[in-house]
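The values are calculated or read from the model by the stated rules, or taken from the named source; none is laboratory data. Remember, it's a predicted structure, so these values are computed and weren't measured experimentally. Counting neighbours? That spans all protein chains shown, and the Cβs are built from the backbone with ideal geometry, glycine included.
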Amino acid sequence: MSNHSEPLLCVSDLVVEFDTPAGPARAVDGMALTVHPHELLCIVGESGSGKSVTMLATMGLLPATARITAGQIRYKNRELSSLPAGEMRRLRGRELAMIFQDPMTSLNPTIRIGKQVGEIITLHEPKASKADVKRRVIDLLSQVNIPRPEYRYSAFPHQFSGGMRQRAMIAMAMAHAPALLIADEPTTALDVTIQAQILEVLRQMRERTGSAMVLITHDLGVVAETADRVVVMYSGRAMETGTVQEIFHDPQHPYTIGLLAGLLDMSGTGKTAYTIPGQPPALTRRPSGCPFHPRCALHQGRDICRTTTPVLADSPSGRAACHFANETAAWAAEKFPHIRRGPSGRASQ
Amino acid sequence: MNVLVTRTERKLAQWRSAGSAPPGAARPRRSRLRPATSVAIVLLFLVAVLVIVVPFLPSYNPYAINLSVALEPPFRSTAHLLGTDELGRDLLSRVSLATRISLLIVTFALMLNVLIGVSVGLTAGYYRGKADTVIMGSADLVLSFPILILLVTIVAVLGPSAQTIAVVLGCVFWVSYARVSRATALSLRSREYVISAVTQGASGWWVIRKHLLPQVVPQIAIMTSFDLGVLITVEASLSYLGLGIQPPTPSLGGMISDGQNYLQTSPWLCVLPSLVLLLLIGGVQFMSQRFTSEGQQSRGMTAT
């Protein structure tokens, strides 16, 4: 979107380590990303690539066994990683909000929906009057398209469907119109028709509040339809970043191309979907140099892949962390001619 | 639509004529009380009469000494319905006052225990870390002492009085509450709705108050009903040993202890307070049994 505006969130060289019996495991290893106001950034990558940990680190919600060992997380020119706990707490919910994957367990089963949403309002505005809070809760519930909000106000979570619970979670997250909303796979636990509705509700809410959003997802179809910009993560690093058109029309990293090639080709050629050979590396035993080189078709035994870790800025376009980003286009065109059809080519399903 | 209505009405008419309720109209209710519960109700009713009604009787005076009627047996006169002690004081009045004081002390002590136990347990369980180690370590320390000996020692040092036992009893029985609260906090702290609340800016105190505390209440309520009987016994034991309430204020334990001297000539001095103690503890215990089994039945309903 607009690269001219001051970035809202800027993560650079972030390293997060978990203490494990086998030694420190680097879940995030030199991650960098930028979120501009009002934009929707998608983070895609395999399970364990550090997507969620990066965002948890941003929220200051890393588990006790994890530490930020290097890097910066700057939010509106404030360094979040060194912010005192109390200030971070005031920021959470009001400026930074987060939605989780499983709406079934994210609501307290013993508290009525209206009260739970209302408590999030009073959490940051303790002086708000009861009537005012109730009015705002009902307003929020109707904004997230929960039918008959006055009636649902006094319902318990078990009386809600999965989609409605996720809507209630969105209502809670958007209660204070946060500047940045982080959604960690918000539709994974829901069935496909509901997914589209939830994404639509998120879009509407963001339109009202002007919030920027980081959407963590596995679903490239969702990325193609919703994202402004995309970051592709692998093994705790950003492999490629760019606008959604750039990523889908002109992918420059072999890993991104592998992911796109893994999508089902619906043109009826009958070919099985491509899978990237091998497995992501264990966090305690990362390969030297480029973390992707053992699985990379472009590596071809070249030494620089093993010795030097590529950074985004080094590639000709500044978008892909690959030593041979200039070769990927030719390789992809030869091997996967169909992926150049772009985001509107029904890439999802 | 019409067809449906008439069909339903016809069905209803059938049921009505058959003299039975339509299915689902009246759920089978557990109507009969279990014997233990009925016993508990009777016992506690007697205690309630003793504590609430007796002070309004014209003969009520637990302190008036009248040596001319000393050691009068029960049911001889309306002035002293249950007889008198060695100083001619009305036993009914004294037993009533003793029960009131005992209940007061025990209730205060129980509330103190719950307050300490629950706050300490939830804090330890939610925050974990060093606080947890220190708190649960000290809980184990308290638990490792034989409680009566611990109490006797503390009371001996502080000097016996009603306030002292109330506070001392209030500080030694909190361990079980702390353990239960901690276990609940441990199991709930990693629930997604707790994490979600933290994500939205909730502090530890907020999470404990809004999400953890309401969920320990049922278990704590059951435990207090059980501990009530235990505390009454311990309070009576302390008074019996002369470490509790000091004369001339009556106490059940103290009255039993004094009455021992007249066991052969005037056994009612001993029997009467013992009987009241029995009513009280029996009633509370039977009632707590009821609560416990009720709690077990509804455990599936409490949120996990």
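Residue by residue through region B:48-82, note down the ones that are in a loop (DSSP other than H, G, I, E, B), closer than 19 Å to B:L279 by Cα and touching a residue at least 40 places away in the same chain (Cβ under 8 Å).
Within region B:48-82, B:P74, B:L82 qualify.
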> Based on what the data block shows, is B:A185 of a type in the set (A, V, I, L, M), buried (at least 23 other Cβ atoms within 10 Å of the Cβ) and within 21 Å of A:T105 (Cα to Cα)?
Replying inline: yes
> Which residues, taken from region B:137-189, are closer than 23 Å to B:S102 by Cβ and of a type in the set (G, A, S)?
Replying inline: B:A156, B:G159, B:S161, B:A162, B:A166, B:G170, B:S176
>> Being among the basic types (K, R) and either under 24 Å from the mean Cα position of the chain (by Cα) or within 14 Å of chain B (Cβ to nearest Cβ) (or both) is the requirement here; does A:R89 meet it?
In response: yes
> Does region A:29-44 contain at least one residue that is more than 14 Å from chain B (Cβ to nearest Cβ) and more than 16 Å from the chain's Cα centre (by Cα)?
Replying inline: yes
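So if I check each of A:A25, A:A57, which one is at pLDDT below 90, out of contact with any Pro (no Cβ under 9 Å at 6 or more places or on another chain) and of a type in the set (A, V, I, L, M)?
When all the criteria are applied, what remains is A:A25.
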> When you look at A:V117, is it hydrophobic (A, V, I, L, M, F, W, C), more than 14 Å from chain B (Cβ to nearest Cβ) and touching a residue at least 12 places away in the same chain (Cβ under 8 Å), yes or no?
Replying inline: no
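So that you can scan it fast, the table gives a plain yes or no per residue for (1) away from every other protein chain (no Cβ under 12 Å); (2) aromatic (F, W, Y); (3) farther than 19 Å from A:L180 by Cβ:
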residue	(1), (2), (3)
A:M59	no, no, no
A:P84	yes, no, yes
A:E95	no, no, no
A:P109	no, no, yes
A:K127	yes, no, yes
>> I'd like the full set of residues that are closer than 18 Å to B:A70 by Cβ and surrounded by 16 or more Cβ atoms within 10 Å (Cβ to Cβ), limited to region B:238-253.
In response: B:P250
>> The conditions are (1) in contact with an Asp or Glu (Cβ under 8 Å, 6 or more places away or on another chain); (2) away from chain A (no Cβ under 14 Å), and B:V172 fails exactly one of them. Which is it?
In response: (1)
>> Please go through region A:152-175 and give me each residue that is part of a loop (DSSP other than H, G, I, E, B), away from chain B (no Cβ under 14 Å) and under 26 Å from the mean Cα position of the chain (by Cα), ordered by number.
In response: A:S161
>> Could you check region A:8-50 and list, in sequence order, the residues that are in a loop (DSSP other than H, G, I, E, B), among the hydroxyl-bearing types (S, T, Y) and surrounded by fewer than 23 Cβ atoms within 10 Å (Cβ to Cβ)?
In response: A:S47
> Considering A:P178, A:P149, A:P186, which residue is modelled with pLDDT under 90 and either more than 14 Å from every other protein chain (Cβ to nearest Cβ) or touching a strand residue (DSSP E or B) at 6+ places or on another chain (Cβ under 8 Å) (or both)?
Replying inline: A:P186
> Residue check: is B:R179 more than 26 Å from the chain's Cα centre (by Cα) and charged (D, E, K, R)?
Replying inline: no
> Any chance region B:147-156 includes a residue that's within 14 Å of another protein chain (Cβ to nearest Cβ), part of a helix (DSSP H, G or I) and surrounded by 15 or more Cβ atoms within 10 Å (Cβ to Cβ)?
Replying inline: no
> Within the set of pairs 6 or more residues apart or between chains, which connect a residue that is within 18 Å of A:L190 (Cβ to Cβ) inside region A:138-166 to a residue that is in a helix (DSSP H, G or I) and aromatic (F, W, Y) with Cβ atoms less than 9 Å apart?
Replying inline: A:P157/B:Y193
>> Filter region A:113-151 down to the residues that are closer than 26 Å to A:L61 by Cβ and in a loop (DSSP other than H, G, I, E, B) and list them by number.
In response: A:E125, A:P126, A:A128, A:V144
> When region A:79-99 is examined, which residues are found to be assigned to a helix (DSSP H, G or I) and either touching a residue at least 60 places away in the same chain (Cβ under 8 Å) or aliphatic (A, V, I, L, M) (or both)?
Replying inline: A:A85, A:M88, A:L91
>> Testing A:M104 on (1) assigned to a helix (DSSP H, G or I); (2) touching a helix residue (DSSP H, G or I) at 6+ places or on another chain (Cβ under 7 Å); (3) within 14 Å of chain B (Cβ to nearest Cβ), one condition comes back false. Which one is that?
In response: (1)
>> Exactly one of these conditions fails for A:S5: (1) part of a loop (DSSP other than H, G, I, E, B); (2) small (G, A, S); (3) closer than 11 Å to A:G236 by Cα. Give me its number.
In response: (3)
>> Residues to consider are B:T249, B:T224, B:T184; find the one that is assigned to a helix (DSSP H, G or I), polar (S, T, N, Q) and more than 14 Å from chain A (Cβ to nearest Cβ).
In response: B:T224
>> Could you go through region B:191-203 and let me know if any residue there is assigned to a helix (DSSP H, G or I) and closer than 25 Å to B:M111 by Cβ.
In response: no
> Would you pick out the residues in region B:200-219 that are crowded, with 20+ Cβ neighbours inside 10 Å and more than 10 Å from every other protein chain (Cβ to nearest Cβ)?
Replying inline: B:V207, B:I208, B:L212, B:V216
>> For the condition on the phi < 0 side of the Ramachandran plot, over 20 Å from the mean Cα position of the chain (by Cα) and in contact (Cβ under 8 Å) with a residue 60 or more places away in the chain, what is the one hit in B:V216, B:V234, B:V198, B:V207?
In response: B:V207
>> Please go through region A:61-82 and give me each residue that is within 13 Å of chain B (Cβ to nearest Cβ) and closer than 19 Å to A:G236 by Cβ, ordered by number.
In response: A:L61, A:L62, A:P63, A:T65
> Can you name the number of the only condition in (1) among the small types (G, A, S); (2) at pLDDT below 85; (3) touching a Phe, Trp or Tyr at 6+ places or on another chain (Cβ under 9 Å) that B:S96 fails?
Replying inline: (2)
